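Enquirer: Following this message is one structure expressed as structure tokens.
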Amino acid sequence: MTFEQFTGTATYLASPELRDAVNVAVALERPLLIKGEPGTGKTMLAEAIAEGLGLEFLSWNIKSTSKGHDGLYVYDTVARLNDARFGDRDIGDIRRYIKLGPLGRSFKSAERVVLLIDEVDKADMEFPNDLLHELDRMSFQIDETGETVTATQRPIVVVTSNNEKELPDAFLRRCVFHYIAFPDEDLMRDIVQVHHPEIEEELLRQVLIAFYWLREQTELRKRPSTSELIDWIAALRRAGVRKEAMEEKLPFLGVLLKHEQDLGSVAGPRARRAGVLH
Amino acid sequence: MFTDFLYHLRGRGIQVSLTEWLPLMRAMAEGHARANLTVFYHLARALLVKRETLYDLYDQAFAEYFKGIEAQFDLSEELLDWLTDPVLPRELSAEEIAALQALDLDELRERFDQRLREQTERHDGGDRWIGTGGTSPFGHGGVNPAGIRVGGAGGGRSAVQVASDRRFRNLRSDRVLDTRQIGMALRRLRRLGKDEGPEELDLDATIDESARNGGEIDLIFGPPRRNRIKLLLLIDVGGSMDPHADLCERLFSAAHAANHFQHFEWRFFHNCVYERLYTDIFRRRGDLTADVLKRIDRTWSVILAGDAWMSPFELTHLGGAIDLFHDNRETGLTWLQRIRDRCPNSVWLNPEPKRIWNAPSARVIREVFPMFELTLDGLSEAVDVIAGRRANQPLDAAIGQWTH
């Protein structure tokens, strides 16, 4: 058992299943694919792994225009053209115009790194398949110079997806997959206490009741997430809202709910419910 | 037993490939399951199940398979047995055979034996094998290496109990959907024009080629990369559709928010389409259906959303419209056929489950339009049919018998 054990960090609490998924992906040297509701810490996981294992962290944020090749290297032909016409630099050496992308740098690094490929689903449907070969072999060739870059230390690859597109099966088969379920009340309590260590017990209890009640409301267009809960508590504490006030009406709801219709639809029932309780 | 589990999962609709199964064997041989069924439950899920929409199926399959036998189930022995005499699926792809050849089963077995010995020693030493201090190879559910209590369900809950909870039921893709999911399905509704319209200057490719040519300008033209989908959405409102109003509203708002169509129009109708279509759900303002149809052509697609639940008279009889004062001079069916003839690339989405699509009116409508359930799966199928990625398949076998 020589593989490193990821156990979460002081600020990132990972459930046992998530830790197992991370560790098995590290041991099997397979990409770890992470999905989950927005705000469940998909992106932060990769940083936490880097921090927890003491490795360097590289991030590749995917956009709709991203191409698989960009992650390996970019040949800056325009800069070379510009130099040829107007510059006085030596344009004979093409290597000066080859810039390694995040994936390329993660291969070239002498130390093992953690590479985050963030929101892979934003790119074209075929994007993940374009990376398969390189991720399997952990090496690629720079056509322009004939140089081959081979990873000396296989990077730990974490891929996140928001489900905007179906990922190709061939890609999925090679991944270790984990879906981060929305935290239950106990885990949420721990998470909140990491961010607000001095929160009053009674306020925390009230806040969590209200928060999970809100999430159960089916008419909401967007359910509030963990990060919004943390912000909401920060707002409540800064304004010095007393716990009694929580029972009447939820203050600063705009921090939790981002759609106007959601604010409208929740205000009514909550008031009614509060009336029943008293 | 191990291979049985593979077949069990496949039989329950989780298409596990050997490319996924072998890494699980390797992970177990390396001790990742810690001889503990709860850990095995998560480990197998991470390696075999790649979509959260299948988590619920996996939970069911797992609970079914391990119920009753978990007490005497010894993972290490089972794995050892399997390694001695591996039974493998018969139909293998080239990729799978390559994966199999890369894995030396004898070596794996040796590593596993060694791991087992190591495990006993470490147990006694108590510095590695996390948990309650016992030497039982079964370990203990939900034990946490960092010593932080996480989740209320830790401690004594067994893997089968966890699986039986079916916590991922809401992620199934055959259930009804929310706005975001609809929006995502609609985003797949794109057909990029290749043959229509004049070619456009591809600026990036031009710069790229010119630079490669050492500054010699080389103009590159290509087909326009615009989505050619033009969509008319017709939604049934009122009457038997009231229970589905919320769902239809989501469909509407998602389609409305999807700004990637070349053209998008919408109208409302009540029960069946007649000579007028409405722009508001109270059906006060509207246009003549003929006028709406005049503005669209074969390149448009029409999505009709409704429960196709009406009296046959509403479809086939003159004056049969549900509103008494509405004396339609052409039958509903005529209008539906007219829409289909105008835009052959049209589908009907039904919020009711398939099994009750055998109502006489739904049967008639299914002869005019391909019909799909208004669920994530149904919508995806419909989108693929519209975008020409798949042919519509008849589904009568799946529909229950209609009885009065």
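Enquirer: Of the numbered conditions (1) surrounded by 15 or more Cβ atoms within 10 Å (Cβ to Cβ); (2) within 24 Å of A:Asp262 (Cβ to Cβ); (3) without any contact (Cβ under 8 Å) to a residue 12 or more places away in the chain, A:Lys222 satisfies every one except a single condition; which is it?
Expert: Among (1) surrounded by 15 or more Cβ atoms within 10 Å (Cβ to Cβ); (2) within 24 Å of A:Asp262 (Cβ to Cβ); (3) without any contact (Cβ under 8 Å) to a residue 12 or more places away in the chain, the lone unmet condition for A:Lys222 is (3).
Enquirer: Under 7 Å between Cβ atoms, which residue pairs at least 6 apart in sequence (or on different chains) link something in segment A:177-194 that is within 9 Å of chain B (Cβ to nearest Cβ) and closer than 13 Å to A:Leu18 by Cβ with a partner that is open to solvent by 50 Å² or more (accessible area, probe 1.4 Å) and assigned to a loop (DSSP other than H, G, I, E, B)?
Expert: A:Ala181/B:Arg167
Enquirer: Could you tell me whether any residue of segment B:66-74 is part of a helix (DSSP H, G or I), modelled with pLDDT of 80 or more and either under 29 Å from A:Ala181 (Cα atoms) or open to solvent by less than 60 Å² (accessible area, probe 1.4 Å) (or both)?
Expert: The answer is yes, given that some residue of segment B:66-74 is part of a helix (DSSP H, G or I), modelled with pLDDT of 80 or more and either under 29 Å from A:Ala181 (Cα atoms) or open to solvent by less than 60 Å² (accessible area, probe 1.4 Å) (or both).
Enquirer: List, please: which pairs have Cβ atoms under 8 Å, are six or more places apart or on different chains, and start with a residue in segment A:96-123 that is more than 18 Å from A:Val159 (Cβ to Cβ) and in the same structural domain as A:Ile156 (by TED's automatic domain parsing) and end with one that is of a type in the set (A, V, I, L, M, F, W, C) and part of a helix (DSSP H, G or I)?
Expert: A:Tyr97/A:Ala79; A:Leu100/A:Leu72
Enquirer: From (1) touching a residue at least 12 places away in the same chain (Cβ under 8 Å); (2) within 13 Å of chain B (Cβ to nearest Cβ); (3) open to solvent by 10 Å² or more (accessible area, probe 1.4 Å); (4) over 15 Å from A:Arg30 (Cβ atoms), pick out the condition that doesn't hold for A:Asp143.
Expert: Condition (1) is where A:Asp143 drops out.
Enquirer: If you check A:Asp70 against the conditions, is it within 14 Å of another protein chain (Cβ to nearest Cβ), of a type in the set (Asp, Glu) and buried (at least 18 other Cβ atoms within 10 Å of the Cβ)? Spell out how you get there, then give the answer.
Expert: On the way: within 14 Å of another protein chain (Cβ to nearest Cβ): yes; of a type in the set (Asp, Glu): yes; buried (at least 18 other Cβ atoms within 10 Å of the Cβ): yes.
Answer is yes for this residue.
Enquirer: Note down all Cβ pairs under 9 Å where the first residue falls in segment B:296-320 and is in the same structural domain as B:Ser240 (by TED's automatic domain parsing) and part of a strand (DSSP E or B), the second is open to solvent by 70 Å² or more (accessible area, probe 1.4 Å) and not charged (D, E, K, R), and they're at least six residues apart or on different chains.
Expert: Note: pairs meeting the criteria are B:Trp300/B:His263.
Enquirer: Just one of (1) open to solvent by less than 10 Å² (accessible area, probe 1.4 Å); (2) more than 10 Å from chain B (Cβ to nearest Cβ); (3) in a strand (DSSP E or B) trips up A:Leu33, so point out which.
Expert: Looking at each condition in turn, A:Leu33 falls short on (2).
Enquirer: For segment A:148-162, state whether one or more residues are more than 20 Å from A:Ala46 (Cα to Cα) and free of Cβ contacts under 8 Å to residues at least 24 places away in the same chain.
Expert: Yes, some residue in segment A:148-162 is more than 20 Å from A:Ala46 (Cα to Cα) and free of Cβ contacts under 8 Å to residues at least 24 places away in the same chain.
Enquirer: Looking at the structure I just gave you, is A:Leu250 under 30 Å from B:Leu247 (Cα atoms), open to solvent by less than 70 Å² (accessible area, probe 1.4 Å) and either in contact with a Leu (Cβ under 9 Å, 6 or more places away or on another chain) or not in a helix (DSSP H, G or I) (or both)?
Expert: Yes; evaluated as a whole, the condition is true for this residue.
Per-residue answers, yes or no, for (1) open to solvent by 40 Å² or more (accessible area, probe 1.4 Å); (2) within 30 Å of B:Leu376 (Cβ to Cβ); (3) under 20 Å from the mean Cα position of the chain (by Cα):
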{"residue": "A:Tyr179", "(1), (2), (3)": "no, yes, yes"}
{"residue": "A:Glu185", "(1), (2), (3)": "yes, yes, no"}
{"residue": "A:Met188", "(1), (2), (3)": "no, yes, yes"}
{"residue": "A:Ile191", "(1), (2), (3)": "no, yes, yes"}
{"residue": "A:Val194", "(1), (2), (3)": "yes, no, yes"}
{"residue": "A:Glu198", "(1), (2), (3)": "yes, no, no"}
{"residue": "A:Glu201", "(1), (2), (3)": "yes, no, no"}
{"residue": "A:Leu208", "(1), (2), (3)": "no, no, no"}
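Enquirer: Continuing with this model, one more query. Exactly one condition in (1) in a helix (DSSP H, G or I); (2) in contact (Cβ under 8 Å) with a residue 12 or more places away in the chain is not met by A:Asp83; state its number.
Expert: (2)
Enquirer: What number of residues within segment B:5-43 are open to solvent by 10 Å² or more (accessible area, probe 1.4 Å), outside any helix (DSSP H, G or I) and under 23 Å from A:Ala170 (Cα atoms)?
Expert: 4
Enquirer: Read through the list (1) closer than 29 Å to B:Ala27 by Cβ; (2) at the interface with chain B (Cβ under 10 Å from one of its Cβ atoms), then give the number of the only condition that A:Ser109 fails.
Expert: Of everything listed in (1) closer than 29 Å to B:Ala27 by Cβ; (2) at the interface with chain B (Cβ under 10 Å from one of its Cβ atoms), A:Ser109 misses just condition (2).
Enquirer: Residue check, A:Arg85 against (1) facing chain B (nearest Cβ under 10 Å); (2) surrounded by 20 or more Cβ atoms within 10 Å (Cβ to Cβ); (3) of a type in the set (Lys, Arg), all met but one. Which one?
Expert: A:Arg85 satisfies all of (1) facing chain B (nearest Cβ under 10 Å); (2) surrounded by 20 or more Cβ atoms within 10 Å (Cβ to Cβ); (3) of a type in the set (Lys, Arg) except (2).
Enquirer: Looking at this structure, is A:Arg96 more than 22 Å from A:Asp169 (Cβ to Cβ) and surrounded by fewer than 20 Cβ atoms within 10 Å (Cβ to Cβ)? Steps first, answer last, please.
Expert: Values: more than 22 Å from A:Asp169 (Cβ to Cβ): yes; surrounded by fewer than 20 Cβ atoms within 10 Å (Cβ to Cβ): yes.
When the stated conditions are applied, A:Arg96 passes them.
Enquirer: Among the residues of segment A:41-56, write down those that are outside any helix (DSSP H, G or I) and open to solvent by 20 Å² or more (accessible area, probe 1.4 Å). Reasoning before the result, please.
Expert: Filtering segment A:41-56 down to residues outside any helix (DSSP H, G or I) leaves A:41, A:54-56.
Across segment A:41-56, the qualifying residues are A:Gly54, A:Leu55, A:Glu56.
Enquirer: Can I ask one more? Is there a residue being of a type in the set (Asp, Glu) and modelled with pLDDT under 75 anywhere in segment B:197-214? Full working, then the answer.
Expert: Let us first name the residues in segment B:197-214 that are of a type in the set (Asp, Glu), namely B:199-200, B:202, B:204, B:208-209.
Filter once more, keeping what is modelled with pLDDT under 75: B:199.
Scanning segment B:197-214 turns up at least one residue that is of a type in the set (Asp, Glu) and modelled with pLDDT under 75.
Enquirer: Against the conditions (1) free of Cβ contacts under 8 Å to residues at least 60 places away in the same chain; (2) closer than 30 Å to B:Tyr41 by Cα; (3) at the interface with chain B (Cβ under 10 Å from one of its Cβ atoms); (4) among the hydrophobic types (A, V, I, L, M, F, W, C), where does A:Ala48 fall short? Just the number, please.
Expert: Every condition holds for A:Ala48 apart from (3).
Enquirer: Restricting attention to segment A:129-140, report how many residues are farther than 20 Å from B:Arg26 by Cβ and either within 12 Å of chain B (Cβ to nearest Cβ) or open to solvent by 20 Å² or more (accessible area, probe 1.4 Å) (or both). Write out each step before concluding.
Expert: Our first condition is that a residue be farther than 20 Å from B:Arg26 by Cβ; within segment A:129-140, this holds for A:129-131, A:133-134, A:139-140.
Add one more test, that the residue is either within 12 Å of chain B (Cβ to nearest Cβ) or open to solvent by 20 Å² or more (accessible area, probe 1.4 Å) (or both), and what stays is A:129-130, A:133-134, A:139.
Residues that pass the stated criteria total 5.
Enquirer: What's the number of the condition B:Leu232 fails, among (1) surrounded by fewer than 19 Cβ atoms within 10 Å (Cβ to Cβ); (2) closer than 21 Å to B:Leu186 by Cα?
Expert: Among (1) surrounded by fewer than 19 Cβ atoms within 10 Å (Cβ to Cβ); (2) closer than 21 Å to B:Leu186 by Cα, B:Leu232 violates only (1).
Enquirer: If we scan segment A:210-219, do we find a residue that is within 10 Å of chain B (Cβ to nearest Cβ) and within 22 Å of the chain's Cα centre (by Cα)?
Expert: The first filter runs over segment A:210-219 and keeps only residues within 10 Å of chain B (Cβ to nearest Cβ), leaving A:218-219.
Add one more test, that the residue is within 22 Å of the chain's Cα centre (by Cα), and what stays is none.
No, there is no match, as no residue in segment A:210-219 is within 10 Å of chain B (Cβ to nearest Cβ) and within 22 Å of the chain's Cα centre (by Cα).
Enquirer: Filter segment A:11-30 for residues that are modelled with pLDDT under 85 and within 10 Å of chain B (Cβ to nearest Cβ) and give the result.
Expert: Passing the criteria: A:Leu13, A:Ala14, A:Ser15, A:Pro16.
Enquirer: Same structure, new question: Please work out which residue is farthest from the other protein chains (Cβ to nearest Cβ), limiting yourself to segment A:156-169 and to residues that are out of contact with any Asp or Glu (no Cβ under 8 Å at 6 or more places or on another chain) and open to solvent by 10 Å² or more (accessible area, probe 1.4 Å).
Expert: Among residues in segment A:156-169 that are out of contact with any Asp or Glu (no Cβ under 8 Å at 6 or more places or on another chain) and open to solvent by 10 Å² or more (accessible area, probe 1.4 Å), the one farthest from the other protein chains (Cβ to nearest Cβ) is A:Ile156.
Enquirer: Another question, if that's okay. Kindly indicate which of A:Ser64, A:Ser59 is surrounded by fewer than 21 Cβ atoms within 10 Å (Cβ to Cβ), in contact with a strand residue (DSSP E or B) (Cβ under 8 Å, 6 or more places away or on another chain) and small (Gly, Ala, Ser). So that I can check it myself, show each step before the final result.
Expert: Values: A:Ser64 fails: in contact with a strand residue (DSSP E or B) (Cβ under 8 Å, 6 or more places away or on another chain).
It is A:Ser59.
Enquirer: Could you tell me whether any residue of segment A:57-73 is modelled with pLDDT of 90 or more, under 21 Å from B:Glu52 (Cα atoms) and part of a loop (DSSP other than H, G, I, E, B)?
Expert: Taking every residue of segment A:57-73 in turn, none turns out to be modelled with pLDDT of 90 or more, under 21 Å from B:Glu52 (Cα atoms) and part of a loop (DSSP other than H, G, I, E, B).
Enquirer: Restricting segment B:229-255 to residues that are more than 17 Å from B:Ile281 (Cβ to Cβ) and either touching a Leu at 6+ places or on another chain (Cβ under 7 Å) or aliphatic (A, V, I, L, M) (or both), which is farthest from the other protein chains (Cβ to nearest Cβ)?
Expert: Across segment B:229-255, the extreme among qualifying residues is B:Leu231.
The values are calculated or read from the model by the stated rules, or taken from the named source; none is laboratory data. What you see is a predicted model, and the numbers here were worked out from it, not measured in a lab. Reconstructed Cβ throughout: ideal geometry from the backbone, glycine too, with neighbour counts over all protein chains shown. Accessible surface is based on the protein model in full, side chains and every heavy atom, while ligands, DNA and RNA are left aside. Shrake-Rupley method; radii C 1.70, N 1.55, O 1.52, S 1.80 Å.
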